[in-house]
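Have a look at the structure below, then the notes.
The values are calculated or read from the model by the stated rules, or taken from the named source; none is laboratory data. Remember, it's a predicted structure, so these values are computed and weren't measured experimentally. Neighbour counts are summed over all protein chains in view; Cβ atoms, including those assigned to glycine, are modelled from backbone coordinates with ideal geometry. We work out accessible area using only protein heavy atoms, side chains counted, and drop any ligands, DNA or RNA first. Shrake-Rupley method; radii C 1.70, N 1.55, O 1.52, S 1.80 Å.
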Amino acid sequence: MGVESLQMLTTSDYASIISMNLFVALLCACIVIGHLLEENRWVNESITALLLGLCTGVVILWISGGKSSHLLVFSEDLFFIYLLPPIIFNAGFQVKKKRFFVNFITIMSFGAVGTLISCSIITFGVSQIFKRMGIGTLDLGEAVAIGAIFAATDSVCTLQVLNQDETPLLYSLVFGEGVVNDATSVVLFNAIKSFDLEQLDHGIALQFFGNFLYLFIASTMLGVLGGLLSAYIIKKLYIGRHSTDREVALMMLMAYLTYILAELWYLSGILTVFFCGIVMSHYTWHNVTESSRITTKHAFATLSFVAETFLFLYVGMDALDIEKWRFVSDRPGTSVIVSSVLLALVLIGRAAFVFPLSFLSNLTKKSQNEKISFRKQVIIWWAGLMRGAVSMALAYNEFTMSGHTQLQFNAIMITSTITVVLVSTMVFGMMTKPLIRFLIPLGHPPKQKNSLANLEESSPKSITVPFLGGRQDSEEVDNDNDNDANDSHRPSSIRDLLTTPTHTVHRLWRKFDDAIMRPVFGGRGFVPVVPTSPTESDCQLQWD
């Protein structure tokens, strides 16, 4: 018996090794093909990985005789615990902070209020249409869960179809909304599990809203505190004096720790790690040695890139999982209709909040340049239609047991989710870049700069300016400094806050940051000079 068990274990280990070899080979292929298609206006690396995953799934189906199409079973735990954190953290670490916080109210309204509107429309449409089609009997909780699943946008794909330098306003709005949207969808989905929506009354609704607000605030504060703690430790201990490796390791582990703590305490890990990345880029990153800055910048970007590619490969291969499709093989028409209905509801649900909320946002903007034009609204609506791994993970959580489907209705919902993800990523993702070029001509692309000479410019964007600034904002900050001398001619603080809220908050924050935060937590100009590492000294000798 012992020998047989050992043989079975050995066979299982060997199969895992084969699976990992294939995945690593596919990742390498995605990198090479993505590089070759770098200038292609239709295909990006997400779509490349998705197509490669589909092709690999077809090959595995053929080799296995139609038994299996994937090397690994899609697991929401794998997605939420290992793949999503580096992607969201790097996004926060690299985001242009002033652009993000200037549009913070609009981003929050799109991400939170917009998600609730979209979820409500999808929930209502699903409950009414599915009832008439005779597809199962949905209670309110299941209908709202489906609404939360398909209200979740794909912020990962957004990173690749929008360019932060070419379209900064669109990028900050769509990506910022995507992060808040994902967090809102996950929080909403988890909250549904905790409440009995069949017994809905004013008390339950108020409790639901309070719980929702608590999760948002607590998740954000945990990320901020984690980033500040890492900055304080590295500033006080002079870790780089002995080892830059420890600095890099501490930054990575502290960021991941905040995410794990958020999940442990049933908070939103997405919001937590995103704001942790923002705070680390403003404080912690400036407290480490030069070699650690270079290392962390590229390490975070590389981890994020590999996780994104792995994710789309994973989804592409799992899309052909024969077990799920076998359950709906006798009702293929039903699956197609359900997928079409869900896609239509996604389109309507997004349009229902993008255009009205953009109109309300424009009412608060005095400058024409700050307003969201109708063409930009169309791009925001279109770019946010993509559905991805968050929707997949939530659908698997709701409709499967350990990755396996047991009921026909559940199988229909899983296959429909896969179809919506594939169609939205392929069609909407491929059309986003051409749509941007058609609606907003970008002119000539910026000239490439020498990467070594411009390391500071390509690094997290808070080197020379405060928390709400980026390098493109240095001129504005200088103007603010000049205007500080004329404070006596300014109107009262309350009046100033009401007339120019963004600039007033920016100026007040800058003063608070310079006077209190950066002297305590470090940052540009507040970090003592420490001996460089032997590696840095050797590199300097080589350059000399």
Item to check | Looking only at region 265-290, and only at residues there that are of a type in the set (Ser, Thr, Tyr), at pLDDT below 90 and within 20 Å of Phe79 (Cα to Cα), the one that is surrounded by the most Cβ atoms within 10 Å (Cβ to Cβ) | outcome: Ser268
Checklist entry - Would you say Asn190 is under 27 Å from Lys376 (Cβ atoms), at pLDDT below 85 and surrounded by fewer than 20 Cβ atoms within 10 Å (Cβ to Cβ)? => result no
Next on the checklist: Condition check: under 25 Å from Trp265 (Cα atoms), at pLDDT 90 or above, open to solvent by less than 10 Å² (accessible area, probe 1.4 Å) and not small (Gly, Ala, Ser). Does Thr115 satisfy that?
Outcome noted: yes
Checklist entry - Of (1) open to solvent by 10 Å² or more (accessible area, probe 1.4 Å); (2) at pLDDT 75 or above; (3) of a type in the set (Val, Ile, Thr), Ile204 satisfies all except one. Which? => result (2)
Checklist entry - Mind checking which residues of region 338-361 are surrounded by 17 or more Cβ atoms within 10 Å (Cβ to Cβ) and under 21 Å from Val102 (Cβ atoms)? => result Phe353, Val354, Leu357, Ser358, Ser361
Checklist entry - So which residues in region 65-80 are at pLDDT 70 or above and either hydrophobic (A, V, I, L, M, F, W, C) or closer than 14 Å to Ser19 by Cα (or both)? => result Leu78, Phe79, Phe80
Checklist entry - Conditions: (1) in contact with a Ser or Thr (Cβ under 7 Å, 6 or more places away or on another chain); (2) closer than 20 Å to Phe195 by Cα; (3) buried (at least 20 other Cβ atoms within 10 Å of the Cβ). Glu142 meets all but one. Number of the miss? => result (1)
Checklist entry - Do we have Gly269 as closer than 24 Å to Phe189 by Cα, touching a residue at least 60 places away in the same chain (Cβ under 8 Å) and touching a Phe, Trp or Tyr at 6+ places or on another chain (Cβ under 6 Å) here? => result yes
Checklist entry - Is it true that some residue in region 33-45 is outside any loop (DSSP other than H, G, I, E, B), open to solvent by less than 80 Å² (accessible area, probe 1.4 Å), at pLDDT 85 or above and farther than 30 Å from Leu261 by Cα? => result yes
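Yes or no, residue by residue, for (1) touching a Phe, Trp or Tyr at 6+ places or on another chain (Cβ under 9 Å); (2) at pLDDT 80 or above; (3) farther than 12 Å from Val174 by Cα:
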{"position": "Phe359", "(1), (2), (3)": "no, yes, yes"}
{"position": "Ser367", "(1), (2), (3)": "no, no, yes"}
{"position": "Lys371", "(1), (2), (3)": "no, yes, yes"}
{"position": "Trp381", "(1), (2), (3)": "yes, yes, no"}
{"position": "Gly384", "(1), (2), (3)": "yes, yes, no"}
{"position": "Tyr396", "(1), (2), (3)": "yes, yes, yes"}
{"position": "Phe399", "(1), (2), (3)": "yes, yes, yes"}
Checklist entry - Residue check: is Ala262 small (Gly, Ala, Ser) and open to solvent by less than 30 Å² (accessible area, probe 1.4 Å)? => result yes
Item to check | Count of region 118-139 residues which are open to solvent by 60 Å² or more (accessible area, probe 1.4 Å) and modelled with pLDDT under 90 | outcome: 7
